[in-house]
Amino acid sequence: MKIENVIKKFNSNIIYNCPKCYNDMYIENNSLKCSLNHTYDFSKKGYVHLINNYKSSKYDYKLFEARDFIFYKNFYNHIYLEIVKILSGHNFDILVDVGCGEGYYIRNLKEYFGYKYFFGIDNSKDAIEFAVKKDKKNPYMLANLSNLPFASNSVDVVLNILTPANYKEFTRIIKKGGLLIKIIPTKNYLREIREKFYEQEYSNDDTLILLEKNCQILSRNTITKTFTINEEEAKNFLEMTPLTFSKNIKLEDINSLQKITVELEIIVAKVMK
Ligand SMILES: C[S@@+](CC[C@H](N)C(=O)[O-])C[C@H]1O[C@@H](n2cnc3c(N)ncnc32)[C@H](O)[C@@H]1O
Ligand SMILES: [Zn+2]
């Protein structure tokens, strides 16, 4: 991608924050640069790398390839449509998807809300490189959620899907009156896979307690669908989830996975300002 086209994607009204010293960063020539001269170059691949001492992530290319296949088959469309519904009722200009993975949600949101800014942030290089290959419109940043590269009170909406939260950072970057849309698994999410590899039922209680401590919850909504799946879909479902990290996926696991439940809880919240 031409470097000027990469830079154009980042040229919003937003002010970037240096992940090293927290001073403001501005676009200068082909880089983001802060007043202490910390410099992060835009890559022709289509993103900017903001992690000092990057270590590779267990969220690797193979996982994002499998996620991409599953998204392409519309298994998460009911979740996407719910996000569209929430955003349609809220005035916003800038949304940041924290832990964007291969970019399914913001790639589609940009098609729907063409004039809004959607930033994708992830700390896996494989995720970001996958995302920029598929999405030529949105700006993506390789960055850590504990150190978000945005100025205080600069973002209208943070989207945080199946990814850890950092409430200190979310509270800092979200404007007064802005929203956090946090999407978490329920005990039924990919239940058919969990039952194969784990004895205990999953509970999202701890996640909710932490969320309630840090934010004012405006709404909670559980969205669910159970699908009948074929062998290829089963294989990709098994490969797309951290539930199978360090597990040995056997042929019999693939063959016996004939149904899958995609049930998530969508929480809309306000950070406390
Ligand atoms: C289960 S995936 C979900 C991805 C995407 N939101 C989705 O729903 O398809 C979790 C994502 O969070 C990212 N992630 C985990 N820890 C992170 C951190 N500290 N900073 C930024 N991203 C992180 C991972 O690289 C991965 O892409
Ligand atoms: Zn700096």
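The values are calculated or read from the model by the stated rules, or taken from the named source; none is laboratory data. The structure displayed is predicted, hence computed values, not measured ones. Reconstructed Cβ throughout: ideal geometry from the backbone, glycine too, with neighbour counts over all protein chains shown. Just so you know, the surface numbers come from the protein's heavy atoms only, side chains and all, with ligands and any DNA or RNA stripped out. Shrake-Rupley method; radii C 1.70, N 1.55, O 1.52, S 1.80 Å.
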Practice prompt. Among the residues of the range 2-39, count how many are in contact with a Lys or Arg (Cβ under 9 Å, 6 or more places away or on another chain) and on the phi > 0 side of the Ramachandran plot.
Written response: 0
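Within the range 33-55, take every residue that is of a type in the set (D, E, K, R) and assigned to a strand (DSSP E or B) and give me the one that is nearest to ligand 1 (Cβ to nearest atom).
Going residue by residue through the range 33-55, those that are of a type in the set (D, E, K, R) are 33, 41, 44-45, 55.
Still in the running and assigned to a strand (DSSP E or B): 33, 41.
Working: K33: 23, D41: 20 Å.
My answer is D41.
Is there a residue being part of a helix (DSSP H, G or I), touching a strand residue (DSSP E or B) at 6+ places or on another chain (Cβ under 8 Å) and either at pLDDT 95 or above or open to solvent by less than 50 Å² (accessible area, probe 1.4 Å) (or both) anywhere in the range 69-78? Reasoning before the result, please.
Step one: filter the range 69-78 for residues part of a helix (DSSP H, G or I), giving 69-72, 77-78.
Of the ones still in play, those that are also touching a strand residue (DSSP E or B) at 6+ places or on another chain (Cβ under 8 Å) are 78.
In the following step, the residues that additionally are either at pLDDT 95 or above or open to solvent by less than 50 Å² (accessible area, probe 1.4 Å) (or both) were identified as 78.
Yes: the range 69-78 contains one or more residues that are part of a helix (DSSP H, G or I), touching a strand residue (DSSP E or B) at 6+ places or on another chain (Cβ under 8 Å) and either at pLDDT 95 or above or open to solvent by less than 50 Å² (accessible area, probe 1.4 Å) (or both).
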Item to complete: Determine if the range 199-210 includes at least one residue that is open to solvent by less than 10 Å² (accessible area, probe 1.4 Å) and either in a helix (DSSP H, G or I) or farther than 22 Å from D60 by Cα (or both).
Response: no
Discussion item. Among the residues in the range 18-29, are any in a loop (DSSP other than H, G, I, E, B), in contact (Cβ under 8 Å) with a residue 60 or more places away in the chain and either in contact with a Ser or Thr (Cβ under 9 Å, 6 or more places away or on another chain) or under 15 Å from D135 (Cα atoms) (or both)?
Written reply: yes
Worksheet item: Restricting to strands (runs of 3 or more DSSP E) lying wholly in the range 79-182: which have 2 or more residues that are open to solvent by 10 Å² or more (accessible area, probe 1.4 Å) and either touching a Phe, Trp or Tyr at 6+ places or on another chain (Cβ under 6 Å) or within 19 Å of I7 (Cα to Cα) (or both)?
Response: 117-122
Worksheet entry | Residue among I266, I249 that alone is outside any helix (DSSP H, G or I) and either in contact (Cβ under 8 Å) with a residue 40 or more places away in the chain or of a type in the set (K, R) (or both) | I266
Worksheet item: Just a yes or no: is a residue in the range 47-57 at pLDDT below 95, within 16 Å of ligand 2 (Cβ to nearest atom) and more than 22 Å from Y189 (Cα to Cα)?
Response: yes
Worksheet item: Which of the residues belonging to the range 38-58 are under 23 Å from K9 (Cβ atoms) and either of a type in the set (D, E) or open to solvent by 80 Å² or more (accessible area, probe 1.4 Å) (or both)?
Response: D41, K44, K45
Discussion item. With the requirement that a residue be under 15 Å from the mean Cα position of the chain (by Cα) and of a type in the set (A, V, I, L, M, F, W, C), what does the range 57-83 give you?
Written reply: L63, F64, F71, I79, I83
